[in-house]
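The numbers here are math on the coordinates, done by the rules we state, and not lab data. Everything numeric here is computed off the predicted structure, so don't read it as measured data. Cβ atoms come from the backbone with ideal geometry, glycine included; neighbour counts cover every protein chain shown.
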Ligand SMILES: Cc1cc2nc3c(=O)[nH]c(=O)nc-3n(C[C@H](O)[C@H](O)[C@H](O)COP(=O)(O)O)c2cc1C
């Protein structure tokens, strides 16, 4: 009798554990809130790879499609030439550089838009992406990587360029987020 009781107790504990694990697995979290039953696009610009790696982590967690924003004329691979040459000039002149492909957000409800902070604002290529697409009725989730300056007014600027979009809270990551990046992404996503 005692053995039967112990077996039943073990089954109840194991069952509770399984239910708890199912409730907390990422797929379940992602289907809640603004992401529930939504078509998701993760669009990002990345020069050095940090924003790309965060985009991939978001994709691990929420699924959906990915789109890399690239300029028709690539940026120099040398940091000094890219940062203090082309990018600084584009920042000062408010350039929206031509893209290889403007992308198409029409099939999506929620668009994660990723950018590095470049000269205190979003990268110029992301300005082009936001201006060249119709965001009417869509939700934008900004994600920003930076080298210490933080998020600046990038989310507000995105809202001005992506007319008709609802821009929600931003995920802001220092450089590539280090070892805790996936955890940071998951915490952020679970609150959406
Ligand atoms: C052209 C350029 C401008 C930058 N300007 C800033 C800035 O204004 N503030 C800041 O915190 N970091 C700045 N950084 C650092 C980047 O935001 C940071 O390293 C980011 O994670 C790079 O993302 P990526 O590897 O996807 O290109 C700049 C980097 C570059 C190349």
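A few points about this structure:
- Some residue of the range 112-124 being within 13 Å of the ligand (Cβ to nearest atom) and part of a helix (DSSP H, G or I): yes
- Test: residue in the range 86-101 that is within 16 Å of the ligand (Cβ to nearest atom), within 26 Å of residue 190 (Cβ to Cβ) and either part of a helix (DSSP H, G or I) or without any contact (Cβ under 8 Å) to a residue 40 or more places away in the chain (or both): no
- Test for residue 75: is it surrounded by fewer than 17 Cβ atoms within 10 Å (Cβ to Cβ), without any contact (Cβ under 8 Å) to a residue 60 or more places away in the chain and within 14 Å of the ligand (Cβ to nearest atom): no
- Hits in the range 126-157 - residues which are under 16 Å from the mean Cα position of the chain (by Cα), within 16 Å of the ligand (Cβ to nearest atom) and either closer than 16 Å to residue 46 by Cα or part of a strand (DSSP E or B) (or both): 126, 127, 129, 142, 143, 144, 145, 146, 151, 154
- Hey, residue 183 free of Cβ contacts under 8 Å to residues at least 24 places away in the same chain, out of contact with any strand residue (DSSP E or B) (no Cβ under 6 Å at 6 or more places or on another chain) and part of a helix (DSSP H, G or I) or not: yes
- The set of residues in the range 130-158 being within 17 Å of residue 96 (Cα to Cα) and in contact with a helix residue (DSSP H, G or I) (Cβ under 9 Å, 6 or more places away or on another chain) consists of 130, 131, 154, 157, 158.
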